[in-house]
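Here the structure is laid out as structure tokens; the discussion comes afterwards.
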Amino acid sequence: MTLKILLLTAFGGAFVTYFLGKVSSKLRNYFAVFVSLTLFVAVACLYGKSAENFSYFKFFGNTLVLRVNSLSWFFAAAVSAFGALSVIFSLDYMKGKENLDFYYMMMLLVNAAMLGIVFAADLVSFFVFWEIMSWSTFLLISYSGKNALPAGIKYIVMSLIGSMAMFFGILSIYVNFHTLIISEIARGIVSASSGYKIFILVLFGVTFGIKSAVMPLHTWLPDAYTESPTPFSAVLSGMLTRMGVYGFLLFFYVVAGASFFFDIDAGISKFNYILCWLGAITIVIPTFIAMLQNDAKKLLAWHGIGQGGYMILGIAFGTSLGLAGGILHTLNYSICIVLLFMSVGAVEYRCGGVRDLNSLGGLIKKMPVAFAGALLGISGLIGLPLTNSFVSKWLIYKTLILKSHPFLAFAALIGTWGTILSVYKFLHNNFLGELPEKYENIRKSPVSMQIPIIILSSAILLFGILPGIPLKVINTIITSFGFNSLNVNLWGIASETGTLNTINIFTAILIAGSVIWMLFRVGKKSFPVTQDDNYAAGAYVPAGKYNYTADFYAPLFKIVKPYLMDFADKFFGWLCRVFTGFSEGVRKIYAGDVGYYVLYILFFAALLFFVQSGGKSW
Amino acid sequence: MVIKLIALPLIAFVIGIFFLGLFRKITARIHRRYGPPLTQPVIDIIKLFYQKSVSHGRLFDFGIIVSLAGSLAVILFLPFAGICPLESSGGLLVIAYLLLFAPLGIALSGGEAANPNISIGISRKLILSLGYEVPLILILLAVMTHYKTISIAQIVSMQQKTGWAVFSAPLFLSGISYILILPAMLGVRPFDIASAPQEISSGVKVEYGGKFLALATIEHAFHLFIGISLFVNLFLGGGNVFVFFLKMIFVFIAGVFVHSVFPRFRTEQAVKYLWGWPALIALLGLVLAVTVK
Amino acid sequence: MDRNKISKWLKEPDKMSGKYSLWALYFCTGCGIIEVPPVLTSRWDAERFGVIPVATPRQANLFLITGYVSVKTLRAIIRSYEQMPEPKYVVGFGSCPINGGMYWDSYNTIKHLDKYIPVDGWIAGCPPRPEAIFVAVTHLWTLIDKGMAKGYVKYREKYELYRRNQEKVLGTLEWPPLFPIKDDGK
């Protein structure tokens, strides 16, 4: 029953927010924050509960049901947390924009729909919530008009293709098993033929592949992330895209079942290895494309695709360690990317909407909190020790190496080094280097932006030093899938083939750091100088001209640029044009002249007559 | 344990500083000069600590501390002649990642100073590291796949049973590739593009003076120690303190020979070189390690 | 190392290390610089005295003014000198920095360098032989030992005077004063 109330609050809150906005904008803002925080608290209270099948509605004789277990709790908690933080972040960021009632309603609606998806226990409610999510996302992506509209359309077209695949899959499942409740399907599917299972998995795989932007299906993502309002970009990258990962988990491990999932042969290779390789490609290419970007949000968007590859890799590889790594990386990555989008948002807000990495710089002294957030965010994306992603990446690498798949591991590791280059460019061009003169007088980011940034930054460190906190939940998830339980403790994972102990690393760095710090203090006190006091070959630094940001990796680009084209995007563009041309041809039938239509009717009647007579009239 | 924790960084410091001195001495002798005394780096470091310096802000101080602390932490995870206080904490993968602290710290520190020479230096350094990481990752994966462990201490102990990895059939190609990229890892000429004094005024160190430069020099010493000791551990089979040190000296002197006779690569030349033969050999080495049991 | 030297090291490590590790700023001010490369490379090998060239003033503690100083160069010299960390030593190399040398009547050169920055020692000659640099270095050692190479202290104490002299030649300087000026001298 609590789930029903929770979802009612979520959806109801969204609509009430809209109408409150008509009364007072302040009230609306507070109410939106209140609703999202309530949801977070409510979800958090569900921790450890596991309940199946609350029926809440009848639909053509099928009961629609909800359920909560460790998997859905994990995702629901993340969804509601990021949702609440982005709503808080929106308060100042969206101030003064138009149509805010609509914006807040949509933010809450997306949130509610995602909660619905993770709590849904039957495919109809899953599909309905999925569609609500897709459509409200579309409206939010195209919220700012102009360039955002094509981006939104690109998104919704791909999303619809995915939805159609899913719809088709659901119908087929219903025809075969006469039930739509997930746990019952899981029981029924055991007896199905292997070909049918692959058919179902591919159909749903397309849906979730589009949503989580696996490599050939990723093309909607860069534009959508770039064009949507930044707080929503955070939600979009943080959790919405990762609904695809949830879908993969649900269908591979809950519906199809782990034991079965690894046994399917799809022609040459195993089904999950194909997915692994897709994941590997998804890691490498986007991270290198990200290096070429000059728009801060676009750069992060390409990382959104790239880091998704790690999750797919971990999940599809499917050993206890790999799976744990994949799921953990979903959370860790989300924390990092939400944080990074928020830092970009703070910079954007203060610098008048500028995101171009070539024209920013030196903001560290002006916006220290945003800088700290960005620093921890990029450390997390890289997976530096003591940040959260280190643990998840370590788990994935270790599985791949010990199971003798070094080539997959190579893709994953080289992706990390590509990440370093591009995110360092992001950090440097935003915050380091010389401050342009026009930004001399900008102020710190407002408190409503600082709060989420600080919370997420501390989460990165907390989960990095004590990875046992999320790993414990994940351990229950993977045991519920039927995998061996991991030997998790608060500071890492113990196993006979190599132990991870983050406390050791933490202490080592802490002690080393304090020793060095003492050494640093022993030396003569340094003399503080301004940013302008630089070595410039004996000249005084020319203001505003002493910055190196454009073409940051020029020598590398000379080598790699010819190989880094988005071929998938080109292909889809071509497909699009072909379809448009075809449809244009079809449209010509409707010439708008009555004479033509009479002619069509005559032809049709003649055809009917011809068929009726069986061709005998010849 | 505690003694090991204290002793290992000290050993690394002494060896690293000794290497710096040896470096200058041998280079001088190859140039037919007399060269500075072996203790010259020590004198330099003492002088630098007594010098005043300028600081461009908090991150400027913080970055250099992080950088050196990262290198120091790596040393605790890296076995030296079987001494490894923190071996059971994640193995080779943790070392590969901890190695990132040093360049990142220096990059952050330099970033606050608003000097384009620093930015160019960082950009070059990152490109170079991407260049040599491609073969290096292949090499590390070959080693880890062959020995079926990620613990570096176990790799060493297995080599002591079966012989040096560089002479074993599945890994000799990886060993060759490692030798080819070692100058790039150590940042010696022809790969000193990141700190090119004549082009970009010593790159990231351009604003460093006094104690900052002293810490950067110590970091460089540690870096030499780490790069060489990793090679000795992975491919030359470790050994006791004396043998290990001897092997390190041997590898190091080979590196110095390369350093003192080569001019400097351009950045893209360096990357092209590293992604050419070394990467190819490393790839073949990985295939060999996977196929040959 | 004899016992005397060791006790000196223990007593005054700052002076001793400063003496044996003179890092020279790689700065070509005039024709005298042509004598410096042989000093640094194989022929004379300055590195055995601990003298090496560095690329930026932030790392250097020895400034060799090698040759005539034009007004334009003076600006760069002052800037570089101010960016060097203390303790720092300046050696004028050749006749030109001392008294203008063969450019004694030029409209565009500085005749007396020590009006603008403090100079700890001079090497006369036009230009001097490379060996003279070693003589200068060893002489600088004695000066440091005796505490007489205190140009940088003088610069700090008499900064107003130096700054006024500099501005007389160069006009208003773009950069703010290195040390606080109590009285602007007007």
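Quick look at the values:
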{"quantity": "Of all residues in the stretch B:11-44 being of a type in the set (Phe, Trp, Tyr) and in contact (Cβ under 8 Å) with a residue 60 or more places away in the chain, the one that is farthest from the other protein chains (Cβ to nearest Cβ)", "calculated": "B:19"}
{"quantity": "Residue in the stretch B:98-106 that is aliphatic (A, V, I, L, M), at the interface with chain A (Cβ under 8 Å from one of its Cβ atoms), part of a helix (DSSP H, G or I) and touching a residue at least 60 places away in the same chain (Cβ under 8 Å) present", "calculated": "no"}
{"quantity": "Which numbered condition residue A:403 misses (of (1) buried (at least 24 other Cβ atoms within 10 Å of the Cβ); (2) more than 21 Å from the chain's Cα centre (by Cα))", "calculated": "(1)"}
{"quantity": "Test: residue in the stretch C:102-119 that is at pLDDT 85 or above, within 14 Å of chain A (Cβ to nearest Cβ) and under 11 Å from the mean Cα position of the chain (by Cα)", "calculated": "yes"}
{"quantity": "Flag for residue C:111 being surrounded by 15 or more Cβ atoms within 10 Å (Cβ to Cβ) and among the basic types (Lys, Arg)", "calculated": "yes"}
{"quantity": "Given (1) within 26 Å of residue A:289 (Cα to Cα); (2) away from every other protein chain (no Cβ under 12 Å); (3) in a helix (DSSP H, G or I), number of the condition residue A:360 does not satisfy", "calculated": "(3)"}
{"quantity": "All positions within the stretch B:138-177 that are of a type in the set (Lys, Arg) and either under 13 Å from residue B:282 (Cβ atoms) or in a helix (DSSP H, G or I) (or both)", "calculated": "B:161"}
{"quantity": "Of residues in the stretch A:412-425 being more than 10 Å from chain B (Cβ to nearest Cβ) and not hydroxyl-bearing (Ser, Thr, Tyr), the one nearest to residue A:344 (Cα to Cα)", "calculated": "A:423"}
{"quantity": "Some residue of the stretch B:199-220 being hydrophobic (A, V, I, L, M, F, W, C) and away from chain A (no Cβ under 14 Å)", "calculated": "no"}
{"quantity": "Residue A:447 being more than 14 Å from chain C (Cβ to nearest Cβ), surrounded by fewer than 16 Cβ atoms within 10 Å (Cβ to Cβ) and of a type in the set (Val, Ile, Thr)", "calculated": "yes"}
{"quantity": "So residue C:98, is it in contact (Cβ under 8 Å) with a residue 24 or more places away in the chain, more than 14 Å from chain B (Cβ to nearest Cβ) and not in a loop (DSSP other than H, G, I, E, B)", "calculated": "yes"}
{"quantity": "Residue B:65 being within 30 Å of residue A:431 (Cα to Cα) and away from chain C (no Cβ under 14 Å)", "calculated": "yes"}
{"quantity": "Near pairs, Cβ below 7 angstrom, 6+ apart or cross-chain, from the stretch B:110-133 (within 7 Å of chain A (Cβ to nearest Cβ)) to any residue that is among the acidic types (Asp, Glu)", "calculated": "B:113/B:207; B:114/A:434; B:115/B:207"}
{"quantity": "Residue in the stretch A:180-200 that is of a type in the set (S, T, N, Q) and in contact with a Phe, Trp or Tyr (Cβ under 8 Å, 6 or more places away or on another chain) present", "calculated": "no"}
{"quantity": "Helices (runs of 4 or more DSSP H) contained entirely in the stretch A:164-249, each with at least 2 residues that are more than 24 Å from residue A:74 (Cβ to Cβ)", "calculated": "A:194-211, A:220-227"}
{"quantity": "Boolean, residue A:404 is within 12 Å of chain B (Cβ to nearest Cβ) and over 29 Å from residue B:71 (Cα atoms)", "calculated": "yes"}
{"quantity": "Hey, residue B:65 within 30 Å of residue B:242 (Cα to Cα) and modelled with pLDDT of 85 or more or not", "calculated": "no"}
{"quantity": "Check on residue B:137, surrounded by fewer than 21 Cβ atoms within 10 Å (Cβ to Cβ) and either touching a His at 6+ places or on another chain (Cβ under 7 Å) or away from chain C (no Cβ under 14 Å) (or both)", "calculated": "no"}
{"quantity": "Helices (runs of 4 or more DSSP H) contained in the stretch A:445-553 and holding at least 3 residues under 28 Å from the mean Cα position of the chain (by Cα) and in the same structural domain as residue A:370 (by TED's automatic domain parsing)", "calculated": "A:447-465, A:468-480"}
{"quantity": "Selection count, the stretch B:183-209, where residues are of a type in the set (A, V, I, L, M), part of a helix (DSSP H, G or I) and in contact with a Phe, Trp or Tyr (Cβ under 9 Å, 6 or more places away or on another chain)", "calculated": "4"}
{"quantity": "Which listed residue, of B:208, B:178, is crowded, with 21+ Cβ neighbours inside 10 Å, aromatic (Phe, Trp, Tyr), more than 22 Å from residue B:15 (Cα to Cα) and modelled with pLDDT of 85 or more", "calculated": "B:208"}
{"quantity": "Residues being within 14 Å of chain A (Cβ to nearest Cβ), in contact with a Gly (Cβ under 8 Å, 6 or more places away or on another chain) and not in a strand (DSSP E or B) - total across the stretch C:61-83", "calculated": "8"}
{"quantity": "Residue in the stretch C:31-51 that is free of Cβ contacts under 8 Å to residues at least 40 places away in the same chain, within 14 Å of chain A (Cβ to nearest Cβ) and either among the polar types (S, T, N, Q) or touching a helix residue (DSSP H, G or I) at 6+ places or on another chain (Cβ under 6 Å) (or both) present", "calculated": "no"}
{"quantity": "Which listed residue is without any contact (Cβ under 8 Å) to a residue 60 or more places away in the chain and surrounded by 21 or more Cβ atoms within 10 Å (Cβ to Cβ), from A:459, A:409", "calculated": "A:409"}
{"quantity": "Hey, residue B:180 farther than 19 Å from residue B:249 by Cβ, away from chain A (no Cβ under 14 Å), of a type outside the set (Val, Ile, Thr) and part of a helix (DSSP H, G or I) or not", "calculated": "yes"}
{"quantity": "Restricting the stretch A:490-506 to residues that are out of contact with any strand residue (DSSP E or B) (no Cβ under 9 Å at 6 or more places or on another chain) and modelled with pLDDT under 75, the residue that is surrounded by the most Cβ atoms within 10 Å (Cβ to Cβ)", "calculated": "A:498"}
{"quantity": "Lone unmet requirement of (1) buried (at least 19 other Cβ atoms within 10 Å of the Cβ); (2) among the hydroxyl-bearing types (Ser, Thr, Tyr); (3) farther than 17 Å from residue A:535 by Cβ for residue C:56", "calculated": "(3)"}
{"quantity": "Filter result (assigned to a loop (DSSP other than H, G, I, E, B) and either in contact with a strand residue (DSSP E or B) (Cβ under 9 Å, 6 or more places away or on another chain) or more than 24 Å from residue B:37 (Cβ to Cβ) (or both)) within the stretch C:43-60", "calculated": "C:50, C:51, C:55, C:56, C:60"}
{"quantity": "Filter result for residue A:384 (under 24 Å from the mean Cα position of the chain (by Cα), in a helix (DSSP H, G or I) and under 30 Å from residue A:318 (Cβ atoms))", "calculated": "no"}
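The values are calculated or read from the model by the stated rules, or taken from the named source; none is laboratory data. The model shown is predicted, which means the values in this text are computed figures rather than measured ones. Note that each Cβ is placed from the backbone with ideal geometry, even for glycine, and that neighbours are counted across all protein chains shown.
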